[in-house]
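The values are calculated or read from the model by the stated rules, or taken from the named source; none is laboratory data. Here the structure is a predicted model, which is why all the values come from computation and not from measurement. Glycine also receives a Cβ, built like all others from the backbone with ideal geometry; neighbour counts cover every protein chain displayed.
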Amino acid sequence: MFRMNEHQQTLMEFMRQQSDKLLVQTLQHIGLTFISLFIAVLIGLPLGIYISRVRKLSGPVLGIAGILQTIPSIALLGFMIPLLGIGAKPAIVALLLYALLPIVRNTHTGITGVDSNVKEAAIAMGMNKWQVLFKVELPLAMPVILAGIRTATVINVGVATLASYIAAGGLGEFIFGGISLNNTNMILAGAIPAAMLAILFDFLLSLLQKLNFRKVKGAVKIAPVLLLILSCFYFIPSAYGSKLTAGFTPEFMGRQDGNLGLVSKYRLKIHTIVISDAVMYKAAQEKELDVISGYSTDGRLKAYDLVVLNDDKKIFPPYYAAPLVREDALKKFPQLETTLNKLSGLINDSVMTELNYRTDYLHQTPERVAKDFLQAKGLYKAPQQSNGEVVRLGSKIFGEQYILTNMYSMLIKGYTKYGVETKTGLGGTKIVFDAMTNNQIDVYPEYTGTGLLAILQAPRNVINRLQSSKDSTYAYVKAAFAAQYKIKWLKPIGFNNAYALMMRRQQANELHIKTISDLNRFLNTK
Amino acid sequence: MIKVSNLVKTFGQTHAVNNISFVVAKGETLALLGTSGCGKTTTLKMLNRLIEPDSGTIEIDGQNILSQAPELLRRSIGYVLQNNGLFPHYTVAENIAIVPNLLKWNKAKIETRTNELLEKLHLPKEYLNAYPAELSGGQQQRVGLARALVADAPVLLMDEPFGALDNVTRSKIHAEFKLLDELKRKTIILVTHDVQEAFLLADRIALMDKGQIVQIGTAAELLFNPANDFVKDFLKEQHLQLELKTIKLGDIWQYLPADGRRINTSQLAANAGVWEALDTFKFYPRENINIINQQTREVRSVTFDQLMSAYSRFKNHVPHE
Ligand SMILES: Nc1ncnc2c1ncn2[C@@H]1O[C@H](COP(=O)(O)OP(=O)(O)OP(=O)(O)O)[C@@H](O)[C@H]1O
Ligand SMILES: [Mg+2]
């Protein structure tokens with residue numbers, strides 16, 4: 001009765017089907033890589049030359065470039081948003097900062113490494129300092145400088161995958177979309193071209209580097225032209241105009257109860273960019289985005305003064321949240337099920353929103369929020385002595401999951417003798433669910449909608465049959481998970497988990513937009 | 001003519017050049033000779049302003065070089081470096097054409113001049129498109145010389161130009177150097193720490209020590225009229241050989257037996273050194289050598305023993321010894 005997808009799609013089929021997107025993303029990726037590389041060369045080359053003249057500065061400049069290099073990419077992208085907003089600009093600046101060090105360093109090394117005898121001969125024959133630079137120092141330093149540019153290119157191809165976090169596009173859209181949608185083909189469709197780009201550019205630059213003096217003269221002249229052409233790739237796809245801009249998460253983009261439904265049921269046409277959940281709300285508040293996808297219980301709704309648009313055609317069905325537990329863990333820990341079920345029915349929508357608000361906006365720790373709540377409900381008990389057996393809890397990377405995991409951890413420690421080990425921050429759905437099927441974790445909170453659409457990837461006729469009912473969906477996924485994965489859905493926690501479209505309250509009021517249909521009407525009026 | 005007066009250069013505590021003055025006449029070759037670190041290179045580099053002097057003046061043909069634009073000055077002075085300083089990314093032809101290009105010569109002129117020099121310096125034309133790394137050390141040094149000569153600058157500065165060569169190659173290039181007509185009309189300053197080289201190639205020698213010139217004069221003046229013990233000691237090790245090279249057969253003419261010419265023997269001109277005559281006896285020990293005095297057309301014939309006795313009688317009559 002539970003049929004798998006009738007047909008398991010192959011990678012080639014996926015790539016063929018998504019070839020438009022793949023092409024756009026690849027071009028964006030190449031464009032991002034080379035625009036930033038081009039600017040990095042424009043800045044790095046003169047800077048490297050300058051510090052090889054003013055030796056006092058070489059230490060500090062190389063030091064600063066080195067420090068920039070060690071800032072984690074995600075953090076650097078995060079720093080950029082308040083300064084430059086989202087999209088291409090901050091991504092290019094971040095990439096450029098990474099590319100700077102190898103270029104500056106190698107230019108400096110190359111130029112200071114030129115044989116002083118040769119340099120002296122050049123001066124002694126009557127060359128001025130520019131002639132010495134362009135006819136002697138740069139040509140002789142060129143192999144070393146090219147090696148630096150080569151390193152920078154490979155770094156940039158890699159870091160550019162993260163540009164999709166701040167809506168700058170690139171192959172990261174497939175990679176991170178695939179991770180949150182549990183779609184291996186999608187991940188590979190992004191990762192393989194990205195790896196191939198890195199190998200290809202590395203290879204081409206290594207050829208350039210190996211050219212002898214005879215040929216290198218011409219090659220160095222066409223390099224800037226080539227760099228410019230490759231940079232232009234980025235601007236081809238994004239010639240696009242719309243009154244409002246939407247920012248959707250990769251997961252939302254790929255789900256039937258997400259963007260696919262918006263397009264098929266509402267016929268919504270809006271300029272859409274893909275962005276990570278972590279920066280989406282901030283970008284909406286900063287007016288970089290006008291419409292975003294989010295969860296109806298998200299605390300940031302309140303924090304950033306956003307309103308949910310009424311889903312008048314009912315494409316965002318509500319789903320339950322419930323703990324998922326491996327069946328063998330339930331056998332090993334007999335008290336586990338009853339303990340976890342203590343939370344069932346206690347958290348409704350407004351309670352969950354309030355709890356989220358406390359972590360997202362008031363910046364209270366998930367631990368404190370969890371403990372306060374359990375104490376208020378009279379459920380909190382001081383931890384017992386552990387008997388050495390350990391339950392492994394997991395969670396995805398966002399506030400609500402952290403709070404729930406903390407509550408479960410406190411309940412288990414208070415009501416049983418089991419120890420608890422938490423593995424929080426397990427990326428998206430694919431990562432946390434793979435961790436569970438591979439017996440790395442025993443428990444994590446999941447949503448039945450995600451179970452149905454992302455994990456089971458239920459066929460269209462099944463989805464239609466369930467008619468967006470949360471109870472029938474719960475029953476379906478419970479049975480299917482037991483049969484396919486030997487994983488049990490425990491009792492629903494209580495609150496609904498549903499997607500929602502949100503706008504800034506002020507803008508929604510000004511434009512008189514209350515429902516998604518209102519939004520569509522506004523977009524369609526000229 | 002080059003006129004250097006009271007030149008001083010200090011690097012921190014080091015008095016690299018300490019009040020040096022000398023004059024080099026037009027067409028003359030002066031060797032700057034001395035031990036390592038005595039300030040030869042520093043002196044030379046001040047002449048084309050690779051190093052700026054602390055004080056003192058330098059005139060070339062009556063012009064104060066310190067008031068000229070350094071780039072223009074340098075294009076009028078040939079410079080040969082110890083490690084040749086050829087551009088590794090330029091072919092031989094391109095290396096030679098550097099100064100002509102700076103002087104904006106046309107292509108045809110550069111090509112004609114390059115070919116002329118290659119011939120004079122015994123470099124095969126096939127090397128024109130080779131890179132310096134593909135040449136031997138001796139060939140590289142010849143290209144370095146060609147590069148310095150190509151624009152026919154009236155002044156040539158050479159910093160240990162043959163220092164990196166093996167003995168055989170060096171002797172060969174020395175011989176060619178002496179015969180090269182391009183060099184005969186040039187004013188040359190040659191830095192070396194090789195006494196033999198200085199004696200062989202220079203008209204006059206400036207012996208330097210600790211940033212100063214100890215004695216300046218011809219080879220014979222230094223050898224037979226040393227200013228002090230330093231000069232004497234400096235030449236002591238190779239004294240006999242230098243002497244035999246410095247004393248010409250003409251100098252000992254009056255002590256040679258006044259016999260007429262013999263037939264079927266080797267011949268030497270009277271302006272050859274005694275060393276050359278000894279070299280000839282090395283191959284024909286039992287023979288006579290005919291020595292020809294070009295001015296008087298007189299010929300005297302000597303055996304090895306007769307040559308040696310004439311030499312020692314000459315030595316006993318040399319003043320100041
Ligand atoms: N740029 C410089 N900075 C500091 N000291 C220097 C510099 N150039 C030369 N000197 C010092 O000045 C002195 C003279 O150096 P110079 O190069 O003129 O000697 P040299 O006679 O050419 O010796 P060599 O035969 O070893 O080439 C040396 O003590 C040297 O260490
Ligand atoms: Mg020297």
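Listed residues B:N101, B:N95, B:N115; which is in contact (Cβ under 8 Å) with a residue 40 or more places away in the chain and in a helix (DSSP H, G or I)?
The match here is B:N95.
Give all pairs with beta carbons closer than 7 Å in which a residue from the range B:236-252 that is among the hydroxyl-bearing types (S, T, Y) meets a residue that is surrounded by 14 or more Cβ atoms within 10 Å (Cβ to Cβ); count only pairs at least 6 apart in sequence or on separate chains.
Taking only residues 6 or more apart or on different chains, the pairs are B:T246/B:F199; B:T246/B:A219; B:T246/B:A220; B:T246/B:L223; B:T246/B:G273.
Looking only at strands (runs of 3 or more DSSP E) that fall completely inside the range B:1-59, which ones have 2 or more residues that are farther than 11 Å from B:I189 by Cα?
Hits in the range B:1-59: B:2-11, B:14-24.
Which one is farthest from ligand 2 (Cβ to nearest atom) among residues in the range B:32-65 that are touching a residue at least 12 places away in the same chain (Cβ under 8 Å), over 17 Å from B:N19 (Cα atoms) and more than 14 Å from every other protein chain (Cβ to nearest Cβ)?
Here the answer is B:G62.
Take the residues of the range B:66-83 that are in a loop (DSSP other than H, G, I, E, B) and either within 11 Å of chain A (Cβ to nearest Cβ) or in contact with a strand residue (DSSP E or B) (Cβ under 7 Å, 6 or more places away or on another chain) (or both): which is surrounded by the most Cβ atoms within 10 Å (Cβ to Cβ)?
B:L81
Residues in the range B:212-226 that are modelled with pLDDT under 90 and among the small types (G, A, S): how many?
2
Take the range A:242-266 and flag every residue that is in contact with a strand residue (DSSP E or B) (Cβ under 7 Å, 6 or more places away or on another chain) and within 22 Å of A:N182 (Cα to Cα).
Scanning the range A:242-266 gives A:G247, A:F248, A:T249, A:P250, A:F252, A:M253, A:D257, A:G258, A:N259.
Inside the range A:471-496, can you point out the residues that are surrounded by 14 or more Cβ atoms within 10 Å (Cβ to Cβ) and either free of Cβ contacts under 8 Å to residues at least 60 places away in the same chain or among the hydroxyl-bearing types (S, T, Y) (or both)?
Matches in the range A:471-496: A:T473, A:Y474, A:A475, A:Y476, A:V477, A:K478, A:Y485.
Tell me which of these B:L121 doesn't satisfy, since it passes every other one: (1) under 30 Å from B:V231 (Cβ atoms); (2) more than 16 Å from ligand 2 (Cβ to nearest atom); (3) crowded, with 18+ Cβ neighbours inside 10 Å.
Status for B:L121: all satisfied but (1).
Can you name the number of the only condition in (1) closer than 30 Å to A:A246 by Cβ; (2) in contact with a helix residue (DSSP H, G or I) (Cβ under 6 Å, 6 or more places away or on another chain) that A:S58 fails?
(1)
Among (1) within 15 Å of ligand 1 (Cβ to nearest atom); (2) over 27 Å from B:R147 (Cβ atoms), which single condition is B:G39 missing?
Failed condition: (2).
Being surrounded by fewer than 22 Cβ atoms within 10 Å (Cβ to Cβ), away from ligand 2 (no atom under 16 Å from the Cβ) and within 14 Å of chain A (Cβ to nearest Cβ) is the requirement here; does B:R113 meet it? Lay out the reasoning, then the answer.
Details: surrounded by fewer than 22 Cβ atoms within 10 Å (Cβ to Cβ): yes; away from ligand 2 (no atom under 16 Å from the Cβ): yes; within 14 Å of chain A (Cβ to nearest Cβ): no.
For B:R113, the condition - surrounded by fewer than 22 Cβ atoms within 10 Å (Cβ to Cβ), away from ligand 2 (no atom under 16 Å from the Cβ) and within 14 Å of chain A (Cβ to nearest Cβ) - is not met.
Find the helices (runs of 4 or more DSSP H) located wholly in the range A:113-231 whose residues include 2 or more that are away from chain B (no Cβ under 14 Å) and in contact (Cβ under 8 Å) with a residue 24 or more places away in the chain, and list them.
A:138-159, A:172-181, A:184-210
Looking at the range A:84-101, can you tell me whether even one residue there is of a type in the set (K, R) and touching a residue at least 24 places away in the same chain (Cβ under 8 Å)?
For the range A:84-101, residues of a type in the set (K, R) and touching a residue at least 24 places away in the same chain (Cβ under 8 Å): absent.
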